[in-house]
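The values are calculated or read from the model by the stated rules, or taken from the named source; none is laboratory data. The shown structure was predicted, so the numbers you read here are calculated from the model rather than taken from an experiment. When we count neighbours, we look across all protein chains shown, and the Cβ atoms used for this are built from the backbone with ideal geometry, even at glycine. Protein only, heavy atoms only, side chains kept; ligands, DNA and RNA dropped before computing areas. Shrake-Rupley method; radii C 1.70, N 1.55, O 1.52, S 1.80 Å.
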Amino acid sequence: SKTPVRVAVTGAAGQIGYALLFRIASGEMLGKDQPVILQLLEIPDEKAQNALKGVMMELQDCAFPLLAGMEAHSDPMTAFKDAQYVLLVGARPRGPGMERADLLAANAQIFTAQGKALNAVADRNVKVLVVGNPANTNAYIAMKSAPDLPAKNFTAMLRLDHNRAASQIAEKTGKPVSAIEKLAVWGNHSPTMYADYRFATIDGQSVKDMINDEEWNRNTFLPTVGKRGAAIIEARGLSSAASAANAAIDHMRDWALGTNGKWVTMGIPSKGWYGIPEGVMFGFPVTCENGEYTVVEGLPIDEFSQQCINKTLDELKGEEDGVKHLL
Ligand code: NAX
């Protein structure tokens, strides 16, 4: 049987953690033949550490055959030791009266410390996914704080936006969500993201032609996908957790095990693709093979798409400018 791999998860006692850890331990992320060791990080606070112990008791009670070990940590320097897959879920939420700059600064502190710890102790080929918001900027900070690790190994989660867009298209066309190919989401994980179905197909047919309603695209589809997180908070009284955990599983599984040519969306440091400045952590359409992602290049960008891409890029540059002095 395979050697166990080390998977570190932060914010492990939070609501996404609760929807995520059991699926990782059951083999849904890295395969039904891949044993895992979970290295779980929570803040040192007693309540959080106790909650983490409770989650670990439940993990134990599942008797997962693939769970080869688990550890509780309160310091990223021990939590990330030799980690091969790292899911950075824990972040500082916006508190009452907190300004955007305060939020960015609080998270900059967390993700600088965690980036430095990854740089010092993680496996040299570690694959990092940042879920905690602002996800793109937090991923950018962690990447910048880990100069000895390959920049391409730091990614941000756009997959929830991608999956939300796919479901809206499935509903609109009456086709199964699994039949949708070649969907792309550009930019920041925020309401400015640009979900783009111009290239999408269902059974080889163009989704754009099937829908044939540009008014729906601009005034229904894009706002629905962009504001989906807020709609869930409104309905549930809590932010999306199970769907976020599911997207994190999808992102890591596809990165590690490949997509068989299927397009997915990942937030990755740009190498200048589509005019996005180098290093900006931006959502792009990619395919994955042998543990590496490849950007889908050469797609035509029309005027409306360029406007949307510029808007989400401007927002992201603003966030990154807001933290540059802290790095
Ligand atoms: P919760 O507040 O339920 O859990 C967060 C957990 O992280 C808490 O237990 C907290 O103690 C822990 N934590 C905070 N700082 C930490 C640190 N420095 N090290 C280790 N643990 C730390 O939030 P939850 O609903 O689980 O959401 C987690 C993050 O995901 C939030 O930032 C949220 O905004 C973000 N989201 C990102 C999404 C995406 O698509 N990228 C979608 C869902 C979600 O909103």
ask   = Which residue pairs have Cβ atoms under 6 Å apart, sit 6 or more places apart or on different chains, and have a first residue in the stretch 254-276 that is without any contact (Cβ under 8 Å) to a residue 60 or more places away in the chain and a second that is open to solvent by less than 20 Å² (accessible area, probe 1.4 Å) and of a type in the set (Phe, Trp, Tyr)?
value = Ser270/Phe282; Ile276/Phe282
request  = Kindly indicate whether any position in the stretch 302-320 is crowded, with 18+ Cβ neighbours inside 10 Å, farther than 21 Å from Gln168 by Cα and within 16 Å of the chain's Cα centre (by Cα).
outcome  = yes
The stretch 19-67, subset of a type in the set (Asp, Glu) and outside any helix (DSSP H, G or I), residue nearest to the chain's Cα centre (by Cα) = Glu28
note = Restricted to the stretch 192-211 and to residues being part of a helix (DSSP H, G or I) and open to solvent by less than 40 Å² (accessible area, probe 1.4 Å), the residue farthest from Ala166 (Cα to Cα) is Ile211
task = Would you confirm whether any residue within the stretch 47-57 is within 18 Å of Tyr18 (Cβ to Cβ), modelled with pLDDT of 95 or more, open to solvent by 50 Å² or more (accessible area, probe 1.4 Å) and more than 13 Å from the ligand (Cβ to nearest atom)?
result = yes
task = Filter the stretch 224-250 down to the residues that are of a type in the set (Lys, Arg) and more than 10 Å from the ligand (Cβ to nearest atom), then identify the one that is farthest from Ile24 (Cα to Cα).
result = Lys227
task = Six or more apart or on different chains, Cβ under 6 Å: which pairs go from a residue in the stretch 196-207 that's touching a residue at least 12 places away in the same chain (Cβ under 8 Å) to one that's open to solvent by 40 Å² or more (accessible area, probe 1.4 Å) and not in a strand (DSSP E or B)? Could you list them?
result = Arg198/Lys208; Phe199/Lys182; Ala200/Lys182; Thr201/Lys182; Ile202/Lys175
inquiry  = Looking at Glu234 and the list (1) open to solvent by 40 Å² or more (accessible area, probe 1.4 Å); (2) in contact with a helix residue (DSSP H, G or I) (Cβ under 7 Å, 6 or more places away or on another chain), which single condition is not satisfied?
reply    = (2)
message = Exactly one condition in (1) within 15 Å of the ligand (Cβ to nearest atom); (2) on the phi > 0 side of the Ramachandran plot is false for Ala63; which is it?
response = (1)
task = Within the stretch 77-92, identify whether any single residue is open to solvent by 20 Å² or more (accessible area, probe 1.4 Å), of a type in the set (S, T, N, Q) and within 17 Å of the chain's Cα centre (by Cα), and answer yes or no.
result = yes
key: Subset tally (residues that are open to solvent by less than 10 Å² (accessible area, probe 1.4 Å) and more than 19 Å from Asp302 (Cα to Cα)) for the stretch 270-279   = 1
Residue within the stretch 65-75 that is buried (at least 23 other Cβ atoms within 10 Å of the Cβ), at pLDDT 95 or above and closer than 27 Å to Leu149 by Cα present = no
message = I'd like the full set of residues that are more than 11 Å from the chain's Cα centre (by Cα), touching a residue at least 60 places away in the same chain (Cβ under 8 Å) and over 21 Å from Glu42 (Cβ atoms), limited to the stretch 132-150.
response = Thr137, Tyr140, Met143, Lys144
